[in-house]
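In what follows, a single structure is set out as structure tokens and then discussed.
The values are calculated or read from the model by the stated rules, or taken from the named source; none is laboratory data. Treat the numbers as computed from the prediction; the structure is a model and nothing was measured. We place every Cβ from the backbone using ideal geometry, glycine too, and count neighbours over all the protein chains shown.
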Amino acid sequence: MEAYVMYIANKLQEIRFGKPSEVRILHFGELKTWTFWRAVLAEFVGTLLFVFLGCASAVPITGEPQSTIKIAFAFGISIMALIQMFGHISGGNFNPAVSFGLAAGGIITPVRAVLYTVAQSVGAVLGGLILKGVTVSTYHNNLGVTSINPLLNVGQGFGVEVILTFVLVFVIIATIDSNRTDAGMASVAIGLTVAVCHLAGITYTGSSMNPARSLGSAVASNSFNDHWVYWVAPILGGVIAAVLYKFLFSPFRNAIPIDEAVNELLQDGDMIVIPKDYFTGRSQQKIHTANSQL
């Protein structure tokens, strides 16, 4: 039996690493499915809630600036919850930088990334406007707006956003890598990364890492200072992270996912596959026999 298991393992390795995975750059067929549009809707709702929950924690409604720790964990825990809510439906991006990073890494198609970005942007704006509607007018000019610290120049702020988003997207892609056998709960890893990046960068740039998040608060607060930075820098950081992981750091480069390898193995006419319940039945039979002999 051990030899059989080793043979199966070696066969899977041969299937997975013997040929590169095929990445479909454009896949317009997915536009015809309800599954796709349900995912787009999930991105819209998820980003709306993310902007509302996260930015609400930053509004100085008590008359004093909110604690950095409070804001960091509000954004981090929000993303944890939202990934649990919608991750199995859309992947739980809620961020154009993440979507374009996943597209650059061949994980989703560019078509999906673009439509996700549209949904995320509209959701973020609506989330910001809802927050504005439930907040007293005194604070309508500061509804969680991201801005570069006056002590920094635009280039420095740009660099901070690139680095923070690089870290976030790298963690996401490494965590969701389907080839890993040691992966923990992705929502926790991603949420804690969002929190840590806020703790590190909030006094520099507001720690956006998310163009849609910045758009939502900017529209609600009518404040667009250096707004382009919060689009270009995060998307650049996300794409760099995806490309570096895929072509430099990934130990599974050119390997097809394990589920595809299993499916291909099961379709091999030269293989004899033993059903799982065979072993279960055998085990139960042995237990029954042993008990009858007592």
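For region 202-222, filtered to residues that are within 19 Å of N153 (Cβ to Cβ) and surrounded by fewer than 22 Cβ atoms within 10 Å (Cβ to Cβ), the residue that is nearest to the chain's Cα centre (by Cα) is I202.
Residues to consider are N222, N210; find the one that is over 18 Å from T175 (Cβ atoms) and in contact (Cβ under 8 Å) with a residue 12 or more places away in the chain.
Every option except N222 fails the conditions.
Entry remark, region 161-197: residues being of a type in the set (A, V, I, L, M) and under 15 Å from V239 (Cα atoms) number 10 in total.
Does K19 satisfy the condition of being modelled with pLDDT under 95 and surrounded by 14 or more Cβ atoms within 10 Å (Cβ to Cβ)? Here the answer is no, as K19 does not meet what is asked.
Here's the yes/no breakdown for (1) surrounded by fewer than 17 Cβ atoms within 10 Å (Cβ to Cβ); (2) under 23 Å from the mean Cα position of the chain (by Cα):
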{"site": "Q120", "(1), (2)": "no, yes"}
{"site": "G128", "(1), (2)": "no, yes"}
{"site": "N142", "(1), (2)": "no, no"}
{"site": "V145", "(1), (2)": "no, yes"}
{"site": "L151", "(1), (2)": "yes, no"}
{"site": "G157", "(1), (2)": "no, no"}
{"site": "V160", "(1), (2)": "no, yes"}
{"site": "L168", "(1), (2)": "no, yes"}
